[in-house]
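Structure, as structure tokens:
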Amino acid sequence: MSQQYQTTLQREVTFEGVGLHTGCRARVAIMPAPQNTGLTIRVGQGAVRALTSDLVVETVRATTIAAGGETVSTVEHLLSAVLGMGLDNAAIAVDGEEIPVMDGSARLFAEAIAQAGLTALAAPRRRFVATAPAYYRDGEGLLIVLPAADFRVRCTVDFERPVGTQYYAGEIAPAVYLREIAPARTFGWLHEVQALLARGLARGGSLDNAVVYDENGPVNELRFADEAVRHKVLDLVGDFALLGAYPQCEIVSFKSGHRLHAMAVADLRRALLSGGSAVAY
Ligand SMILES: [Zn+2]
């Protein structure tokens with residue numbers, strides 16, 4: 001079983017850059033926080049809010065949250081690094097409307113958390129422990145949550161060629177996450193990227209922060225042969241960071257996306273809070 005005690009950062013880490021969809025600049029700080037405070041977020045001059053699925057307002061292309069009267073989009077890569085690196089308590093402050101895309105992955109976020117280092121606190125980690133299977137569907141997407149001794153993911157994607165069908169399975173533990181998942185970048189198809197740019201979207205997108213495929217294959221160099229499925233695992237971990245407890249379960253995902261993740265997390269969170277099919281301790 002993974003780590004028993006809650007963690008926080010040893011020091012603040014900050015990031016600055018442009019958002020993928022808006023092209024707007026933003027600044028993010030992740031600060032240490034006391035035990036049992038969990039993840040909190042403050043956007044601009046808005047109120048500090050507990051960072052859970054209750055704040056999700058939009059799941060098209062990216063996960064957007066509203067906190068204290070302000071909204072911020074594309075939170076999933078930052079939150080993926082937070083959960084993937086095993087950070088339980090942190091106060092996140094955002095100045096801007098979209099989290100910076102950085103290199104299109106969670107690598108810089110995860111590396112900064114690793115470099116700052118985590119402190120173990122006295123309180124035991126608050127966990128979501130799946131005690132019975134649950135499944136969720138959205139169109140072709142399927143997500144199954146199963147009891148397990150730790151936090152594990154099995155993920156299958158099935159895209160048009162040249163990405164095709166890819167599969168990844170493994171435990172989400174900090175060392176593995178940092179090496180195998182965090183560096184996987186977001187991706188798109190050249191014809192879609194051109195259409196998005198024509199509609200004024202993906203304004204911050206470039207070959208420096210996304211893998212772009214044309215009909216022959218990736219235009220830029222891949223970090224992993226199966227980088228696409230690894231990025232989907234990255235996104236999934238980020239959306240599960242909104243559960244409000246460490247997920248002790250196995251998640252089986254087939255063609256899932258942000259909307260299905262948000263549906264599942266909201267339902268699991270209800271179970272967590274009611275003490276129904278899951279327990280927290
Ligand atoms: Zn993503």
Contact list, first residue from the range 20-49 and part of a loop (DSSP other than H, G, I, E, B), second anywhere and among the small types (Gly, Ala, Ser) and open to solvent by 60 Å² or more (accessible area, probe 1.4 Å), beta-carbon distance below 6 Å, six or more apart or interchain, is Gly46/Gly69
Do any strands (runs of 3 or more DSSP E) entirely within the range 157-241 hold 3 or more residues that are within 16 Å of the ligand (Cβ to nearest atom), and if so, which? 187-189, 211-214
Test result for Ser256, free of Cβ contacts under 8 Å to residues at least 24 places away in the same chain and either open to solvent by 10 Å² or more (accessible area, probe 1.4 Å) or assigned to a helix (DSSP H, G or I) (or both): no
Scanning the range 67-85 for residues that are open to solvent by 30 Å² or more (accessible area, probe 1.4 Å) and part of a strand (DSSP E or B), which turns out farthest from Gly104 (Cα to Cα)? Glu70
For the range 67-104, give me each residue that is modelled with pLDDT of 95 or more, away from the ligand (no atom under 16 Å from the Cβ), on the phi < 0 side of the Ramachandran plot and touching a helix residue (DSSP H, G or I) at 6+ places or on another chain (Cβ under 8 Å). Met85, Leu87, Ala90, Ile92
Note on the range 10-19: residues in a loop (DSSP other than H, G, I, E, B) and buried (at least 16 other Cβ atoms within 10 Å of the Cβ) are Gly19
Could you tell me whether Lys255 is within 18 Å of the chain's Cα centre (by Cα), on the phi > 0 side of the Ramachandran plot and within 16 Å of the ligand (Cβ to nearest atom)? yes
Inside the range 135-163, the number of residues satisfying the requirement of being surrounded by fewer than 18 Cβ atoms within 10 Å (Cβ to Cβ), of a type in the set (A, V, I, L, M, F, W, C) and touching a Phe, Trp or Tyr at 6+ places or on another chain (Cβ under 8 Å) is 1
Provide a single number: the residues in the range 120-131 that are among the small types (Gly, Ala, Ser) and open to solvent by less than 40 Å² (accessible area, probe 1.4 Å). 2
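The values are calculated or read from the model by the stated rules, or taken from the named source; none is laboratory data. Just so we're clear, the structure is a prediction, and the values are computed from it rather than from any experiment. Cβ coordinates were reconstructed from backbone atoms using ideal geometry, including for glycine residues, and neighbour counts include every protein chain displayed. Note: areas computed on protein heavy atoms with side chains; ligands, DNA, RNA excluded. Shrake-Rupley method; radii C 1.70, N 1.55, O 1.52, S 1.80 Å.
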